[in-house]
Structure formats: C-alpha cells, structure tokens
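One structure is given below, encoded as structure tokens.
The values are calculated or read from the model by the stated rules, or taken from the named source; none is laboratory data. Note that the coordinates shown come from a computational prediction; the quantities given were computed from them, not determined experimentally. Ideal geometry is used to build each Cβ from the backbone, glycine not excepted, and the neighbour counts take in all protein chains shown. Only protein heavy atoms, including side chains, enter the accessible area calculation; ligands, DNA and RNA are left aside. Shrake-Rupley method; radii C 1.70, N 1.55, O 1.52, S 1.80 Å.
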Amino acid sequence: MDLLHQPLLASAARLFSFRKRHPPVGSMPGTLVTEPNAQKPLIFVMCYTTEGVQEGEVTDPEQLRQYTDNDAVTWVDVQGLGDETVLRQIAEIFDIHPLALEDAVNVPQRPKSESYEEQHLFIARMTRVVDQVRIETEQVSFFVGKRYVLTIQERSGDVFDPVRKRVRVGKGPIRRMGPDYLAYALIDTIIDAYYPLIELIGDQLAELEEAILTRPTPRGLRQIHATRRELLGVRRAVWPQREAVSALIRDETPIITQAVRIYLRDTMDHAAQIAELLEGYREITNSLMDIYLSSTGQRTNEVMKVLTIMASIFIPLTFLAGVYGMNFQYLPGLGWHNAWLGILVVMIATGVGMLLFFRSKGWIGGGDDDESEESPVS
C-alpha cells in the first residue's frame with residue numbers, strides 16, 4: 001500500500017526538531033545570533049483606522065518612527081532575520097528590551113507570554129501545510145504596544161492573509177478595536193492553522209490502520225514510528241502555546257484589554273482542542289503498534305499451524321513408507337501383486353482421517369466458529 005503522507009512525515013520530523021541558535025557560552029544578555037544564509041528583513045506596514053487602510057513596504061527602518069505613537073493602529077511585519085543591524089534599529093525605534101529582542105532573533109524559543117514596560121511579548125510557533133505534502137514551520141514574535149503590533153518572522157510566507165483581508169475590507173470589529181485585538185486575530189490564526197495538519201495526520205492514521213489490519217509489513221511499522229515522532233514534534237509546539245495563551249489571559253497588563261481577553265478564551269479553547277486531538281492520536285499510534293504486533297504474531301501462528309498440520313499428516317505416512325521400504329526378504333505382503341495399491345490406499349485413508357479429525361477439533365476449517373457459537377456468553 002502506498003501511504004499517503006510519507007513526504008509530510010519526513011518534513012515534520014526535520015522541522016519540528018530542536019536546533020536552537022544560541023550565542024557562545026558566557027555571552028552577555030541580548031547577544032544576537034543570525035544564520036549567514038538567513039533571509040534579509042523585509043518590512044511591511046499596514047496602518048488603519050475605521051475610515052481606511054494604508055499599507056506598503058518600508059525600505060528604511062527610520063520611516064517606522066512615525067508609527068510608534070499615533071491615533072491609527074499599525075501593524076509592522078518584519079519577515080527575515082538576516083540583518084542584525086536592521087533588527088537592532090527596529091528594536092531601538094520601538095524601545096524593545098534586549099532580552100525580548102534576543103528571544104525574537106535567537107530561534108527557536110519556547111512559546112511564552114511576557115510583559116515589558118512598553119509592550120507585551122508573545123512568542124508562537126506557526127506551521128502551515130504547503131501543497132498537502134510539505135510542512136513549513138517557524139517562530140513568530142509579537143510585540144504589542146499601545147498603538148502598534150510588531151511581528152518578527154523567520155522568513156517570508158505565513159498564514160496571516162485572512163487577517164490582512166479582514167483589515168482591508170473592514171470585516172468584523174478589527175478596525176474598530178485596538179492593537180490587542182489585532183494581536184488576538186493573528187494568534188488565533190496561528191492556532192487554527194494547526195487544524196489542517198491535524199486532519200492530515202488523522203487521514204494518515206486511518207490509512208495506517210487499514211494497511212496494518214490487512215497486511216502488516218515492516219514498512220508500516222516504520223510509518224508508525226514516523227507518525228509518533230511527528231505527533232511528538234507537533235505536541236511540543238502546541239502545548240506551550242496553550243500555556244502561553246492562558247498566561248496572556250491571566251497577565252495583569254493594560255495593553256491587553258478585558259474585551260480582548262474574552263476573545264482569547266476562545267483561542268485557548270482551540271489550542272486545548274488541538275492538544276486533546278494530539279493526545280488521542282498518540283493513543284491511536286500506540287494501539288496501532290499493538291495491532292501490528294498482534295497481527296504479525298497471529299500470522300506467524302497461522303503459518304506454524306499449517307506447517308504443524310502438514311508435518312503431523314506426513315508422520316504416519318512416512319512411518320508406513322519407511323516400514324515397507326525396509327530391505328528385508330520376508331516382509332509381510334511383499335510378494336502380493338497389488339501391495340503398492342493397498343499401501344497407497346492405507347496412506348490416503350490415514351491422511352484423510354487425520355484431516356477430518358483436525359477439522360472436528362476445530363484446528364482447521366470452521367471449527368473455531370462452531371465452537372464459539374456453542375460457548376455460552378456471560
């Protein structure tokens with residue numbers, strides 16, 4: 001059987017593995033570590049009020065100063081971590097704490113929620129399924145200020161297009177609310193983006209179950225182990241985010257209003273539901289492992305039973321052939337003209353009789369079903 005999402009498993013095992021970029025031991029707090037081949041930062045700005053929206057790309061970080069304190073709500077989206085100078089310049093403009101900037105740049109960090117003097121930091125793990133076969137995952141850091149939301153992504157490509165569309169068309173309360181609601185909408189989109197991945201895993205488990213029940217093979221066993229690793233990686237990303245959203249609701253910070261905390265409860269419910277689905281799928285993988293071991297054991301028993309029955313039938317036949325194959329001059333029946341026909345009939349009758357006996361005992365044929373029907377059910 002061709003299992004559906006094998007490329008998805010390989011990418012998931014790689015992308016959810018923990019490979020943190022960290023400064024040398026003993027470095028001072030706030031030291032940044034960027035990959036040499038990391039994408040250079042691209043800065044996009046979306047500034048909106050109830051009347052309209054202005055958006056575009058910013059080439060000079062100094063242009064962002066006008067958005068730090070105005071009447072409009074501004075979303076500054078930084079995509080790429082490949083230029084430390086630009087990142088530090090942005091951090092200086094928005095008065096970001098060095099430790100908070102370190103958490104945003106030295107990825108991956110554990111999802112968390114922390115309050116600072118001028119803004120609130122929220123770190124999430126974003127994942128998306130591309131073309132139904134490949135997983136892309138990255139860290140997204142949110143800095144929520146009084147009139148702005150600054151997001152820092154590892155690279156271009158995200159799941160935020162539905163939020164951008166809502167801002168552009170003014171759908172829902174997003175343009176009437178503050179930056180904390182925008183942050184909620186983005187975080188909620190990240191959490192909901194796990195559902196397509198969970199659905200793919202569920203479809204894969206259904207295929208695995210069918211394959212293992214019909215024909216358990218070593219390839220299916222390897223697929224079970226790969227699925228378990230995938231679920232472990234997704235769980236490692238989802239569970240901390242659930243805790244981070246819960247902390248965002250509980251934290252006493254004026255940046256997150258009470259009205260938005262009510263919406264965040266729904267996001268936490270989604271995160272909890274995804275975590276519960278993951279736990280259920282982990283139990284299914286454990287059950288599939290048991291099914292595989294039981295199926296292979298049962299198949300081995302069936303093969304051994306057939307071989308044992310065949311050997312049992314041929315034991316008396318071999319005995320008869322051995323007796324009349326002895327090189328004695330006066331062997332009874334040796335001079336009979338039809339002796340070979342007589343011994344052949346005896347051997348056939350012996351084999352048929354043993355088969356009938358095995359069937360009556362339920363060792364072959366439908367004996368098991370007859371016996372189970374006669375057994376009382378308590």
| field | Test: residue in the stretch 227-249 that is of a type in the set (Asp, Glu), modelled with pLDDT under 90 and open to solvent by less than 10 Å² (accessible area, probe 1.4 Å) | value | yes
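Yes/no per residue for (1) in contact with a helix residue (DSSP H, G or I) (Cβ under 8 Å, 6 or more places away or on another chain); (2) part of a loop (DSSP other than H, G, I, E, B); (3) touching a residue at least 40 places away in the same chain (Cβ under 8 Å); (4) of a type in the set (Lys, Arg):
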{"residue": "Leu277", "(1), (2), (3), (4)": "yes, no, yes, no"}
{"residue": "Arg299", "(1), (2), (3), (4)": "no, no, yes, yes"}
{"residue": "Thr308", "(1), (2), (3), (4)": "no, no, no, no"}
{"residue": "Ser312", "(1), (2), (3), (4)": "yes, no, yes, no"}
{"residue": "Pro316", "(1), (2), (3), (4)": "yes, no, no, no"}
{"residue": "Ala321", "(1), (2), (3), (4)": "yes, no, no, no"}
{"residue": "Pro332", "(1), (2), (3), (4)": "no, yes, no, no"}
| query | in contact with a Pro (Cβ under 7 Å, 6 or more places away or on another chain), without any contact (Cβ under 8 Å) to a residue 60 or more places away in the chain and not in a helix (DSSP H, G or I) - does that describe any residue in the stretch 96-112? | reply | no
| query | So Pro216 clears everything in (1) under 30 Å from Gly297 (Cβ atoms); (2) modelled with pLDDT of 90 or more except one condition, right? Which one? | reply | (2)
| Among the candidates Glu199, Glu209, Glu230, residue that is free of Cβ contacts under 8 Å to residues at least 12 places away in the same chain and farther than 30 Å from Ile90 by Cα | Glu199
| Selection status of Glu276, at negative phi and either open to solvent by 90 Å² or more (accessible area, probe 1.4 Å) or among the β-branched types (Val, Ile, Thr) (or both) | yes
| Of all the residues that make up the stretch 37-64, how many are open to solvent by 40 Å² or more (accessible area, probe 1.4 Å), touching a residue at least 24 places away in the same chain (Cβ under 8 Å) and either in a loop (DSSP other than H, G, I, E, B) or among the aliphatic types (A, V, I, L, M) (or both)? | 7
| query | Which members of the stretch 281-299 meet the condition of being under 14 Å from the mean Cα position of the chain (by Cα) and surrounded by 12 or more Cβ atoms within 10 Å (Cβ to Cβ)? | reply | Tyr281, Arg282, Ile284, Thr285
| request: Scan the stretch 112-128 and give yes if some residue there is farther than 23 Å from Tyr181 by Cα and out of contact with any His (no Cβ under 8 Å at 6 or more places or on another chain), otherwise no. | output: no
| task | Identify the single condition in (1) closer than 23 Å to Gln119 by Cα; (2) among the charged types (D, E, K, R); (3) buried (at least 21 other Cβ atoms within 10 Å of the Cβ) that Arg176 does not satisfy, given that it satisfies every other one. | result | (3)
| remark: Note: among Leu186, Leu208, just one is part of a helix (DSSP H, G or I), within 18 Å of Ala244 (Cβ to Cβ) and aliphatic (A, V, I, L, M), namely Leu186
| said: Against the condition open to solvent by less than 40 Å² (accessible area, probe 1.4 Å), at pLDDT below 85, within 28 Å of Gln109 (Cα to Cα) and not charged (D, E, K, R), how does Val25 come out, does it pass? | reply: no
| said: Of everything in the stretch 65-94, what is in contact (Cβ under 8 Å) with a residue 40 or more places away in the chain, assigned to a helix (DSSP H, G or I) and not charged (D, E, K, R)? Give them in sequence order. | reply: Tyr67, Val86, Leu87, Ile90
